[in-house]
Amino acid sequence: MSMSAQADLISTLPNDLLVRIVSCLPFKECVRTSVLSKRWRHQHRDTTNLGFKESDFVSPYLQGRARIDARQRFVDFVFEWVDRVQHGVVEGFEISLSNPVDYLQEVQALIAFAVRKQVKNLAIDFSSHVWRRTGRAPRDEVVVEVPPGVYNLTSLESLTVIGCKGFDPTRFADPGIFKSLSLGWMKLYDLDELLSKAFRLETLSLNHCWGIYMMDMAGGMREVSIENCDLPYVSLSFDLPRVDIFKYTGDIFCLQFDKMNTTVKEIHLDFRKLIRQCDNPSKSNIAEGGMICDILNDLKSHVTLTLCPYLLQVIPESIHREHFLRPMKTKHLVLKTWLNPKEFNGIMILLSNCPDLETLTFDILPPTPSSKARKNPPSFDPKTYWMKKMRCICLMKTLKVVVVKNFVRGRDDLNVLKFLIRSGAVLERVELYVPFGVDEDKKRFVDEGAEMLQRSSKHVHVPCAQYLRR
């Protein structure tokens, strides 16, 4: 059946089913369905999920009067739409507007509309792309207060609050209603009291929050994400017996895992903000290397493990036997890396401690000044490092697929791949991906590298490079 025939088949569905379909789409994509056919021209207006993002309407490159006018048109559009659905069903509402100091009354009116509609999913985001770029939110730009109606809204299942002041987790009438909670860019006191009562909570995300005076985080959450938060205490213990996905980004300190799921599906650890020169061992990075190994040892039962360049650099610095990395149950290892020689030993230590590894992914990061700096030469020759015979159980018995994202056909990535192809006794496939939009000459250069790798092996399939999806 052709695509057009399938589209016509969908168009024959009853209106209530079409409303369900458009309501499952992101709001921007929902509006785009209006160009599909006459039947779809006004269908998007019946969506039960409204999402208004300034970034969809206002270019971040606009300045001065042009930006002011564009923001005003965005706010006018939001109110025109809201006025049109005053008597309709609204299950989800999102408003995202940076630096709303000139629109405080409008923002409060929109939140009040969502409260009146008894929405199940509410997202209010007043952060700025400047905050995300600089990593800080000036206190005079955090101006919106969460109104009392939100705290008393008992229909909520999912709540996102970003860039608000005076947020008080203890004021919610019934914390037990939440399934998903996302908080960011604000002071966050008494979070532990909220979590102790949110017994249905499945997803918790904390992003750039400060004032989190917690020493223990406990609950039945399935997914926990903590990103660049200010945690005043030197340690944080986790009691998460049901967690499937755990993500931590930020400073390194003592993370203790008292009770965790028997097997965690995904673990992401990113301490990239701490990247610095690790050419010479010091007491600091020796201690941090030991702390990293202890964290990985506590989380050894997982399926997918994603690590940053900093971990690759400091893991080898752990020199005390009680803090050495021990074998893990990793099936898929994802390394965000510059493939800098400072990371080579860390890569090998990880491969040696992943005896069940089936898939290895290199996500090559764009170069930075710190990644390119080589003040002191390594104790080995980077050109010959991957020529040595290094034995790992996974290379001999389990590793079947190697994936390289943002492949550029540099000297180091080619040497690593040659080593893996040469040493991988059961390796079946090497997949190479280039950034979306790379020019044809660069793509051709990369494909020549793929052909060269293919010629070096008869048992490993190395297809031409593919484009990464946006």
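The values are calculated or read from the model by the stated rules, or taken from the named source; none is laboratory data. Note that the structure is predicted; figures quoted are calculated from it, not measured. As a convention, Cβ positions derive from the backbone with ideal geometry for all residues, glycine included, and neighbour counts pool all protein chains shown.
The table for this structure:
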quantity	calculated
Checking Val438 against (1) of a type in the set (A, V, I, L, M); (2) out of contact with any Lys or Arg (no Cβ under 9 Å at 6 or more places or on another chain); (3) closer than 29 Å to Arg326 by Cα, the condition it does not meet	(3)
Hey, Glu317 at pLDDT 75 or above, crowded, with 16+ Cβ neighbours inside 10 Å and in contact with a Pro (Cβ under 9 Å, 6 or more places away or on another chain) or not	yes
Test set (1) at pLDDT below 90; (2) not in a loop (DSSP other than H, G, I, E, B) - Pro378 fails condition number	(2)
In segment 138-162, residue farthest from Leu194 (Cα to Cα) [restricted to those that are in contact with a helix residue (DSSP H, G or I) (Cβ under 6 Å, 6 or more places away or on another chain) and in a helix (DSSP H, G or I)]	Gly149
Out of Ala66, Ala70, sole residue that is part of a helix (DSSP H, G or I), out of contact with any Leu (no Cβ under 7 Å at 6 or more places or on another chain), over 17 Å from Ala114 (Cα atoms) and at pLDDT 90 or above	Ala66
Flag for Leu307 being at pLDDT 90 or above and either within 19 Å of the chain's Cα centre (by Cα) or surrounded by fewer than 23 Cβ atoms within 10 Å (Cβ to Cβ) (or both)	yes
Tally of residues being closer than 18 Å to Val146 by Cα, without any contact (Cβ under 8 Å) to a residue 40 or more places away in the chain and in contact with a Phe, Trp or Tyr (Cβ under 6 Å, 6 or more places away or on another chain) across segment 164-210	3
Of all residues in segment 167-188 being assigned to a loop (DSSP other than H, G, I, E, B) and crowded, with 16+ Cβ neighbours inside 10 Å, the one that is nearest to the chain's Cα centre (by Cα)	Trp185
Residues (more than 25 Å from Lys383 (Cα to Cα) and either in contact with a Lys or Arg (Cβ under 7 Å, 6 or more places away or on another chain) or not in a helix (DSSP H, G or I) (or both)) located in segment 319-353	Ile319, His320, Phe324, Leu325, Arg326, Pro327, Met328, Lys329, Thr330, Lys331, His332
The lone exception for Pro100 - which of (1) surrounded by fewer than 18 Cβ atoms within 10 Å (Cβ to Cβ); (2) modelled with pLDDT of 65 or more it fails	(1)
Enumeration of residues in segment 181-226 that are at pLDDT below 95, on the phi < 0 side of the Ramachandran plot and among the acidic types (Asp, Glu)	Asp192, Glu193, Asp216
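For every residue, the table says whether it meets (1) out of contact with any Leu (no Cβ under 7 Å at 6 or more places or on another chain); (2) more than 21 Å from His332 (Cα to Cα); (3) in a loop (DSSP other than H, G, I, E, B); (4) among the aliphatic types (A, V, I, L, M).
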position: Phe419; (1), (2), (3), (4): yes, no, no, no
position: Val430; (1), (2), (3), (4): no, no, no, yes
position: Tyr433; (1), (2), (3), (4): no, no, no, no
position: Lys442; (1), (2), (3), (4): yes, yes, no, no
position: Glu448; (1), (2), (3), (4): yes, yes, no, no
position: His459; (1), (2), (3), (4): yes, yes, yes, no
